[in-house]
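Notes follow the structure.
The values are calculated or read from the model by the stated rules, or taken from the named source; none is laboratory data. Please read these numbers as outputs of a predicted model, since none were measured by experiment. Here the Cβ is made from the backbone with ideal geometry for all residues, glycine too, and neighbour counts use every protein chain on show. Heads up: the accessible areas ignore ligands, DNA and RNA and are worked out on the full protein's heavy atoms, side chains in. Shrake-Rupley method; radii C 1.70, N 1.55, O 1.52, S 1.80 Å.
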Amino acid sequence: MSLPSAVSRLSAPLRRILLPRFFANANVSRLLSGVAPALSVLEGELESIRAAGTWKGERVITSPQGPHISVDGSRGDILNFCANNYLGLSSHPEVVKAGIDALQQYGAGLSSVRFICGTQSIHKNLEEKLAEFHEREDCILYASCFDANAGLFEVLLGPDDAVLSDELNHASIIDGIRLCRAKRFRYKHMDLNDLEEKLKESQSSRLKLVVTDGVFSMDGDVAPLQGICDLAEQYSAMVFIDECHATGFMGPRGRGTDELLGVMDRVQIVNSTLGKALGGAAGGYTVGPKALIELLRQRSRPYLFSNSLPPPVVGCATRAVELLMASNEIAQSMAAKTMRFRNNMTQAGFTISGSAHPICPVMLGDARLASLMADDMLKLGVYVIGFSYPVVPKGKARIRVQISAAHTDEDIDHTVDAFIQTGRKHGVIS
C-alpha cells in the first residue's frame with residue numbers, strides 16, 4: 001500500500017499532520033535529484049584535494065592576535081610565526097583603545113555605502129593621513145585591498161590601453177586585470193628584459209600601466225622598482241605597486257618598497273591594506289593622483305556597492321598610522337630579527353627563499369611534507385602553516401614563516417630549534 005493510500009484511511013486530524021510532511025518529503029526528493037550531480041562533482045573535487053595533501057584546515061585561535069596565542073586543542077602558550085602582524089599592532093593597547101573609542105562615538109557600522117550616508121569624518125581623516133603617509137595627492141578606502149585591486153583597473157584602463165603584469169602578482173591583481181578591457185601582457189617574474197619586450201609590443205597603446213607587487217607574498221622577494229621605473233619612463237608607461245607586504249615597515253620610515261628603493265616620486269599608484277601591519281583589522285586603499293581617486297569614487301564598483309568600513313576598524317587603523325608617522329622605531333626593529341631567523345635557519349641547513357624581508361619561506365617542495373611538518377611544529381609550541389598548490393606552484397610547497405616586531409630573540413631561537421628538531425625527524429636536514 002502506498003503512503004498516500006495509507007494516510008487516507010486515517011482520521012482527519014492525523015491526515016492534517018502527515019500529508020504536509022509527505023508532500024514536503026516529495027519536494028525534498030525532487031530537489032535532491034536536481035542537486036545530486038552537483039554534490040557528486042563537489043565531493044570529487046574535495047576528495048582530490050585531500051588525496052593531494054593540499055587540504056587547508058582552519059585552526060581556531062582562542063586569544064587575541066599576537067606573538068603568543070592560545071590555540072584550540074593545544075595546551076599552553078603557542079608562538080605565532082605565521083601572522084601578517086608585522087609590527088605587532090593588532091593588539092597594541094593604543095590601537096585597541098582607539099577602536100573602542102570609535103565604536104562608542106561613531107557606532108558599530110554605517111549600514112550604507114559611502115556615497116549614500118556612509119561617510120563619517122573619521123573616514124575622511126584616515127584617507128587624508130594615508131595620502132600624507134605615502135606622500136600622494138589623495139586616497140580612497142575600500143573594504144579590503146582585494147577590493148581595491150578589483151576596482152582599479154577597469155576604471156583606469158580601456159580597450160585602447162595596455163596592462164603589463166608580473167606573472168607572480170597576487171591573485172587579487174590577476175582578478176582585477178581580468179575585469180578590465182585593456183590588452184594584457186604578462187612578463188616573467190621580476191625579469192626586466194622580458195618587461196622591456198612587452199613594453200615594446202604595447203607601444204601603440206594609449207595608456208600603459210606596469211603592475212607589480214612591491215613584495216611578493218609567497219617568496220618575500222622585492223620587485224626591482226628602480227629598473228621598472230626606468231623602463232616605464234623610457235616607454236611612457238605608468239607604474240602601479242601593491243604594497244600589502246611592505247606598508248609600515250619597509251624603507252627608513254616604513255613607507256614601503258618605493259621608499260626603500262628611492263622611487264616614491266616615480267610610482268604613480270599604490271594599493272595597500274589596513275589588514276596587515278596597520279592594525280590588522282580589515283580594509284584596503286588606493287593612493288595616487290587626485291583625478292584618479294575622484295574617478296574611482298564615481299565608477300569603482302567595489303567602492304560603490306560595498307558598505308563603508310566600520311568605525312572601530314577606521315579608529316584602529318588611524319591610530320596605527322599615527323604611531324608610524326610619529327616614530328620609525330618599531331619598523332626599524334624588524335631588520336635584525338629577520339636576519340637572526342634567516343641566518344640561523346640557513347646555518348641549520350634549511351633553504352630560505354627571498355632576501356631580507358620578514359616573510360621567510362622555508363622551502364620543502366612536497367605539499368604533504370609541509371603540512372606534516374607544520375602539524376609537528378604546533379606540537380612543539382610553534383604555530384606555522386604549510387603552503388601548497390594552488391596558493392603556490394606545484395612542487396614549491398613551503399612553510400611560510402613571518403617575523404614580527406613583537407617577537408623576542410628568545411621566540412626566534414625557540415622556533416629555529418623546533419624547526420631543527422622537526423626537520424631532522426622528516427629527513428629535511430641531517
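In table form, for the structure just shown:
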| quantity | calculated |
| --- | --- |
| Gained length - Ala336 relative to Asp160, 0.36 nm times residue gap less alpha-carbon distance | 58.6 nm |
| Beta bridges by DSSP in the chain, antiparallel share as percent, to the nearest 5 | 55 percent |
| Low-density loop cleavage sites - trypsin sites (Lys or Arg not before Pro) in region 363-414, where at most 14 other Cβ are within 10 Å (DSSP) | Lys394 |
| Region 347-356 - phi-based ³J(HN,Hα) in whole Hz, Karplus 6.51/-1.76/1.60, Gly and Pro as x | 4, 6, x, 7, 9, 10, 7, x, 10, 9 |
| Scaled radius of gyration (Cα, divided by 2.2 N^0.38 Å) that region 93-326 gives | 0.99 |
| Solvent-accessible area of Leu260 with every protein chain in place, 1.4 Å probe, in Å² to the nearest 10 | 80 Å² |
| Distance between modelled label sites at Leu207 and Ala38, nm, 7 Å Cα→Cβ extension | 3.8 nm |
| Distance (nanometres) between label positions extended 7 Å along Cα→Cβ at Glu294 and Ser48 | 5.0 nm |
| Cα lying deepest toward the dipole's positive end in region 93-326, options Ser172, Leu141, Ser202, charges on Cβ | Leu141 |
| Approximate shape of region 39-114 as ellipsoid semi-axes (Cα gyration tensor, √5λ), whole Å, largest first | 34, 23, 11 |
| Cleavage-rule hits (trypsin sites (Lys or Arg not before Pro)) in region 155-206: DSSP loop, at most 11 neighbouring Cβ within 10 angstrom | Arg206 |
| Karplus 3J(HN,Hα) series, Hz, for region 74-81 with 6.51 cos²θ - 1.76 cosθ + 1.60 (x for Gly, Pro) | 10, 8, x, 7, 10, 7, 9, 10 |
| With at most 15 other Cβ atoms within 10 Å, longest stretch of the chain clear of loop GluC sites (Glu not before Pro) (DSSP) | 168-430 |
| Sequence-distant lysines (8 or more away, or on other chains) whose Cα lies within less than 21 Å of Lys97 | Lys124, Lys129, Lys276 |
| Tilt relative to the chain, helix 225-234 - C-alpha long axis, 0 to 90 degrees, to 10 | 80 degrees |
| 14 Å beta-carbon shell around Arg297, net charge (K/R +1, D/E -1) | 0 |
| Between 0 and 90°, nearest 10: helix 93-106 axis offset from the chain longest Cα axis | 60 degrees |
| Degrees separating the helix 12-51 axis from the principal Cα axis of the chain, which is the longest one | 40 degrees |
| Where Rh is the Kirkwood radius over Cα pairs, Rg/Rh for the chain | 1.07 |
| CD proxy at 222 nm, helix term only [per DSSP H run n ≥ 4: -39500 (n - 2.57); per residue of the chain; nearest 500] | -14500 deg cm²/dmol |
| Dipole magnitude (debye, nearest 20) for region 93-326, charges at Cβ of Lys, Arg, Asp, Glu | 740 debye |
